[in-house]
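Working notes for the structure below.
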Amino acid sequence: MAVDALTAALLELSAPAAAVGSGVLYAKAKMPRTYWATVGIPLTIHRIRHDYENVMEACGLTVEPSFWRAMASSATNRPAKPAMPKIRSMQVSSTGLRVRLRLARGQQTKDMADAAERLRHAWEVHAVHVSEVKPGVVELRIVGFDVLRNVRMPRRATAKSRELLRVPVALRADGTVHHRDYRQAPNGLNLGANQSGKSMFTRNLIHGLAPQPVALVGIDCKRGVEQRPFAPRLSALATDQGEALGLLLALLVEMDDRYDLIRDHQGVPGSVAAEDVTADIWGLPEKIRPVPIVVLVDEIAELFLVASKADEERRNQLVTALIRLAQLARAAGIFLEIAGQRFGSELGKGATLLRSQLTGRTVHRVNDLETAKMGLGDVSDAAVVAATKISPDMPGLAVAGDTSGLWSEIRTPYRSLAEVAARCTEFAHLTPNLDRLAAFRPQVTAPLTIPPMPSAPPDLIPVSLGK
């Protein structure tokens, strides 16, 4: 009888425990953010603090103790412990932890970065990213779950940006926000196969730029099907090669006008204060400073390809205009954002020269290794490999980098075409009217409304007409 009573008591205790365990497992699989906030954070902090010394030693992140520490240990008849990075601070975030470490003498950031994968397994987290704060101090960004599986931008990032031409467009694999900063990287290249997420990247750009005092110019040679819905916020739009050539030539004239304005403001040496002398529009007084222009090219191949020899001259003019804008227009406040499925020498003369001027690189899923090399080959070999591993079931996932060699995995949040179009309509009053581009200003018409069909009287019964 006593055994039966004990068994019954254990069953009563095990049922709630099993229910709690099942709930935890379900939350970990289906609600990772909830799991991390309730279970993951305390569990990970406990693992780090409880086994820190053993983990550092197992991961090869210890060094021999200093001479004075060894002498002190010898004097007290205690074995000298190896030196290791010291935890300076630990900060909790919604996606992980930020642990700041002071490296031991003789260690470098690369040592910690090489051990990041071993640390990930030791602490049972999704990923560990290492960045240098200052010489001797590094920060570990510990990510508790796959933040790119279901992208949720931080609220502060989705608020109206206060920095001109700096737009939050995606989430990085370490949980931080990826910005497209035109002041830092004036021209960008966006590569990817069909259904890879190129258009979503552009939608997020337009969504972030719409509330800012900038002019948006579109070139969409697919008859405007991609960019026409954004017409209320576009200062100019070209929908075929002929219009594109006229628009690019008008932009070159606009660029020259702006350089004349800068030159006139500089004046004769000695007539302008030294602090007011400038070589770009940002040094001009605000009342005469022209509005910056962002040019969005939907498919670059459509500007390079020709159907006959008669189109050769137009193609050469298009390419020359694009190269001139990429090389010279940054100081005039004109920036390029070029998208395409492939961008290499097979497009013809001038393709590689234009690509070399595009500093910001974003490569989505591609169909071949060569395309990844076109976008990221001069950034990092590891970035090329990462771009070739993007799965088709993760649209919007990309590798972003620049010519400095820094790169990261990013994924853009989903935004419907209707949402971005509504955003453009909301801020249509901010659309600048540029005289040089007035001929290419898209006409915005009221949306077509179809009246509902009149309903049949209740006493009428539909009759089938047979075959």
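Taken over the stretch 399-456, the criterion of being more than 30 Å from E243 (Cα to Cα), at pLDDT 85 or above and among the aliphatic types (A, V, I, L, M) is satisfied by V399, A400, I410. Selection of the stretch 74-95 for residues being under 30 Å from V151 (Cβ atoms) and at pLDDT 90 or above yields S89, M90, Q91, V92.
Within the stretch 339-349, does at least one residue satisfy the condition of being out of contact with any Asp or Glu (no Cβ under 9 Å at 6 or more places or on another chain) and at pLDDT 90 or above? No - not one qualifying residue is present in the stretch 339-349.
For every residue, the table says whether it meets (1) under 13 Å from the mean Cα position of the chain (by Cα); (2) over 30 Å from W407 (Cβ atoms).
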site	(1), (2)
R172	yes, no
G175	yes, no
N204	yes, no
P211	no, no
L237	no, yes
L249	no, yes
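Close contacts from the stretch 107-131, counting a first residue that is closer than 17 Å to F145 by Cα and a second that is of a type in the set (F, W, Y), with Cβ to Cβ under 7 Å and a gap of 6+ residues or different chains, come to H126/F145. Total residues in the stretch 279-317 satisfying the condition of being more than 25 Å from R203 (Cβ to Cβ) and outside any loop (DSSP other than H, G, I, E, B): the figure is 12. With respect to the conditions (1) more than 22 Å from N150 (Cβ to Cβ); (2) open to solvent by less than 10 Å² (accessible area, probe 1.4 Å), C221 falls short on a single one, namely (2). Please verify whether the stretch 329-347 includes one or more residues that are surrounded by 22 or more Cβ atoms within 10 Å (Cβ to Cβ), of a type in the set (A, V, I, L, M, F, W, C) and in a helix (DSSP H, G or I). No - not one qualifying residue is present in the stretch 329-347.
Condition check: at pLDDT 85 or above, among the aliphatic types (A, V, I, L, M) and either open to solvent by 50 Å² or more (accessible area, probe 1.4 Å) or part of a helix (DSSP H, G or I) (or both). Does M71 satisfy that? Considered against the rule, which asks whether it is at pLDDT 85 or above, among the aliphatic types (A, V, I, L, M) and either open to solvent by 50 Å² or more (accessible area, probe 1.4 Å) or part of a helix (DSSP H, G or I) (or both), M71 comes out as no.
Anything in the stretch 105-130 that is at pLDDT below 90 and crowded, with 19+ Cβ neighbours inside 10 Å? List them, or say none.
None - no residue of the stretch 105-130 is at pLDDT below 90 and crowded, with 19+ Cβ neighbours inside 10 Å, so the list stays empty.
Which of the residues that make up the stretch 348-375 are among the polar types (S, T, N, Q) and either in a loop (DSSP other than H, G, I, E, B) or in contact with a helix residue (DSSP H, G or I) (Cβ under 7 Å, 6 or more places away or on another chain) (or both)? Of everything in the stretch 348-375, those that are among the polar types (S, T, N, Q) and either in a loop (DSSP other than H, G, I, E, B) or in contact with a helix residue (DSSP H, G or I) (Cβ under 7 Å, 6 or more places away or on another chain) (or both) turn out to be T352, Q357, T359, T362, N367. The set of residues in the stretch 82-105 being farther than 16 Å from C59 by Cβ and in contact (Cβ under 8 Å) with a residue 24 or more places away in the chain consists of R88, M90, V92, S93, S94, T95, G96, L97, R98, R100, R102, R105.
The values are calculated or read from the model by the stated rules, or taken from the named source; none is laboratory data. Note that the structure is a prediction, hence the values are computed from the model and not measured. Positions of Cβ are backbone-derived with ideal geometry, glycine not excepted, and every protein chain shown enters the neighbour counts. To get the accessible areas, we keep the full protein, side chains included, count just its heavy atoms, and leave off ligands, DNA and RNA. Shrake-Rupley method; radii C 1.70, N 1.55, O 1.52, S 1.80 Å.
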